[in-house]
Amino acid sequence: MEKPLISFDYAIKYLLKCIQKFNDEIRSEIDEWLYMAKHEQIRPDFQSRGMEKVSERLQILKMTDVERRNYWQYLKQSASEQDYYLCAEAKGRAEGKMEGQAESKVETAIKLLKLGLDKSLIATATDLVLEQVEQLEKELNS
């Protein structure tokens, strides 16, 4: 394994010195990051990639333990509710699809009855029970 050019400890010490010496003048993206590290805040004019995510994380880190615990509980509850609604929506779609298929079978059976096909053949073709086809025939004739 290759030895790194500088040690991790040295890199951290260097970074901390840079933060302390930083004069709050923003000229580049690295200056935005140094400013954020020094002041634990992000100015509205910052445009570095990832700053929005860092801003969210800073807000969480600045919360009290109680606020943070409530926040995580809120996120967990929201995710659980979203899962519930997504499952309910999927179930509703599946039920709607099944109802649509059942209606389609009935419509097909009615068309075939009007053409005079045999009821047992219609039942086989539409996957309906013979009694259902006979009931449809009665409704057509009344």
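Per the Debye calculation on segment 1-132 with a single equal scatterer at every Cα and no solvent contribution, log₁₀ I(q)/I(0) for q = 0.17 Å⁻¹ amounts to -1.01.
For the chain, the 222 nm mean residue ellipticity estimated from helices alone, with every DSSP H stretch of n ≥ 4 adding -39500 (n - 2.57) and the total spread over all residues, rounds to -25000 deg cm²/dmol.
To the nearest ten degrees, helix 130-141 and the longest principal axis of the Cα atoms of the chain are 70 degrees apart.
Assign one of three labels to segment 72-142, namely rounded, prolate or oblate, based on the Cα gyration tensor with a ≥ b ≥ c the square roots of its eigenvalues; rounded applies when a/c is under 1.5, prolate when it is not and a/b is larger than b/c, and oblate otherwise. It is prolate, given that a/c is not under 1.5 and a/b is the larger ratio. Only Cα pairs under 8 Å and 6+ residues apart enter the sum, and on that basis the relative contact order of the chain stands at 10 percent.
Carbon and sulfur atoms: what percent of the 1.4 Å accessible area of the chain do they account for? Summing carbon and sulfur atoms, their accessible area is 54 percent of the total for the chain.
Using +1 at the Cβ of each Lys and Arg and -1 at the Cβ of each Asp and Glu in the chain, identify which of Leu117, Ser104, Asn70 lies farthest towards the dipole's positive end. Ranked along the dipole, the leading option is Asn70.
For segment 1-95, what is the accessible area per residue in Å² when the probe is 1.4 Å? List each step's numbers first, then the result.
Details: 8510 Å² over 95 residues.
On a per-residue basis, 90 Å².
So, R0 is 41 Å and r is the distance between the beta-carbons of Tyr71 and Tyr10; what FRET efficiency does that work out to, to 0.05? With a Förster radius of 41 Å, E is 0.65. Restricting the GluC sites (Glu not before Pro) of segment 44-136 to loop positions (DSSP other than H, G, I, E, B) with no more than 13 neighbouring Cβ atoms within 10 Å leaves nothing. When the charge dipole of segment 50-142 is built from unit charges on Cβ atoms (+1 for Lys and Arg, -1 for Asp and Glu) and taken about the Cα centre, the candidate among Gln132, Cys87, Leu61 whose Cα reaches farthest toward its positive end is Leu61.
The values are calculated or read from the model by the stated rules, or taken from the named source; none is laboratory data. Quick caveat, the model's predicted, so the values are computed rather than measured. Glycine gets a Cβ as well: all are built from the backbone with ideal geometry, and neighbour counts include every protein chain shown. Only protein heavy atoms, including side chains, enter the accessible area calculation; ligands, DNA and RNA are left aside. Shrake-Rupley method; radii C 1.70, N 1.55, O 1.52, S 1.80 Å.
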